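Below: one structure, written as C-alpha cells.
The values are calculated or read from the model by the stated rules, or taken from the named source; none is laboratory data. On a predicted model such as this, the values are computed, not experimentally measured, just so you know. Positions of Cβ are generated from backbone atoms using ideal geometry, with glycine treated the same way; all protein chains shown enter the neighbour counts. SASA here: full protein model, heavy atoms, side chains in, ligands and nucleic acids out. Shrake-Rupley method; radii C 1.70, N 1.55, O 1.52, S 1.80 Å.
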Amino acid sequence: MEGVVTAQPLRVAFMGTSDFSVPILQALVDAGHEVACVYCQPPRAAGRGQKERLSPVHAAALDHGIEVRTPATLKAAEDQQAFADMYLDVSVVAAYGLILPKEILEAPKHGCLNVHGSLLPRWRGAAPIQRAILEGDTESGVTIMQMDEGLDTGDMLLREPVAITPETTGQSLHDALSIIGARLALEALTGISNGTLSPVPQPADGVTYA
C-alpha cells in the first residue's frame, strides 16, 4: 500500500484489535491520512505467566507513534466526549470487538465505516470468515459499510468477492480479505473526500449471522 495517496488526506480514528486489522491501519498511514488516534480492546493476560499482552493493532499503533485508547466500553459520557473532541472526518472500524453507541457513530463528519470480512448481508456478526469456511461457501469477500446502530445492517459502500476453493483455509482467506480490506478502505476514503460514493441498502434476502 506504500505510495498510495488519496485525493484528500482525512483526519481519521482507527478502531481495531486483531491481526486482521493491522494491514488496514498500515494502509491509512502509508496513504498519508492523519490517524489522530487508535482505539482497540484493553491488553489481555496471556501465556504461562498471565502477563498483559498488547493486541496486534495496539502494538502496530505504538510503532507508528500514534496515541492508543483502550476503553472497556464506549458508553461513558467522558469517553464519548473525548472521541467527539478529536473533530474527525471519519472513523474506520475493522474487527474492533466493541459495540459503538449512537454518539460515537455520529461524531465524525462522515460517520464510521466498517471493513467487514463477508459479502453482506451474508454472515453479519463477529466471525464471518470462519463461518464461510464451515458452511462450504464458494465465495466470500469484503464489504465496506456505513455503520448504523444495527448489527452489520448499514448501507454498503464497496464490495469485492473472493472465490473459496478446496485449497482455501481459514488462515489464507483471513489474510486475503485483510489485504483487500485495506485497499477498499482507501478507496472508500477517496470516495468520501471527492463525493463519489453512493451508499446502497443491504438486500432483505440472504441475511445470515456468524
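Tell me, in nm to one decimal, what length is gained between D19 and I99 on full extension, where the rule is 0.36 nm per residue of separation less the Cα-Cα distance?
26.9 nm
Give the Cα extents of region 69-181 along the principal axes, in whole Å, largest first.
Answer, in whole Å and largest first: 49, 26, 22 Å.
Output the relative contact order of region 1-148, whole-number percent, from Cα pairs under 8 angstrom with separation of 6+ residues.
22
Using 0.36 nm times the number of residues separating A77 and T153, minus their current alpha carbon distance, what extension gain do you get?
Contour length minus the Cα-Cα distance gives 24.9 nm.
Excluding residues on the same chain fewer than 8 positions from K109, give the aspartates and glutamates whose Cα lies under 16 Å from its Cα.
K109 reaches E34, D85, D89, D148.
Under 20 Å from the 7 Å Cα→Cβ point of Y87, by amide nitrogen: which residues of region 108-122?
108-112
Please name whichever of V92, L119, L74 sits farthest to the positive end of the charge dipole of region 1-154, dipole taken about the Cα centre and charges placed at Cβ: Lys and Arg +1, Asp and Glu -1.
L74
Indicate, rounded to the nearest 5 percent, the antiparallel portion of the DSSP beta bridges found entirely in the chain.
Expressed as a percentage, antiparallel bridges in the chain total about 50.
Quick one: how many Å² of H110 are accessible to a 1.4 Å probe, rounded to 10?
60
Give me the percent of the accessible area of region 10-154 that comes from carbon and sulfur atoms, probe 1.4 Å, all protein chains in place.
Ligands and nucleic acids excluded, carbon and sulfur reach 49 percent.
Mind checking region 28-104 for chymotrypsin sites (Phe, Trp or Tyr not before Pro) that DSSP puts in a loop (not H, G, I, E or B) and that have at most 10 other Cβ atoms within 10 Å?
Y87
Quick one: P(r) of the chain from all Cα-Cα pairs, 10 Å bins, percents rounded to integers, in order of increasing distance.
8, 36, 37, 17, 2, 0
Using 20 Å as the cut-off for backbone N distance, which residues of region 97-129 belong to the label zone defined by a point 7 Å from the Cα of R11 along Cα→Cβ?
Correct set: 103-113.
How big is the dipole moment of the chain about its Cα centre under a simple scheme where the beta carbon of each Lys and Arg is +1, that of each Asp and Glu is -1, and everything else is neutral? Debye, nearest 20, please.
440
Write down the accessible area per residue of the chain in Å², having rolled a 1.4 Å probe over the full set of protein chains.
I get 48 Å² per residue for the chain.
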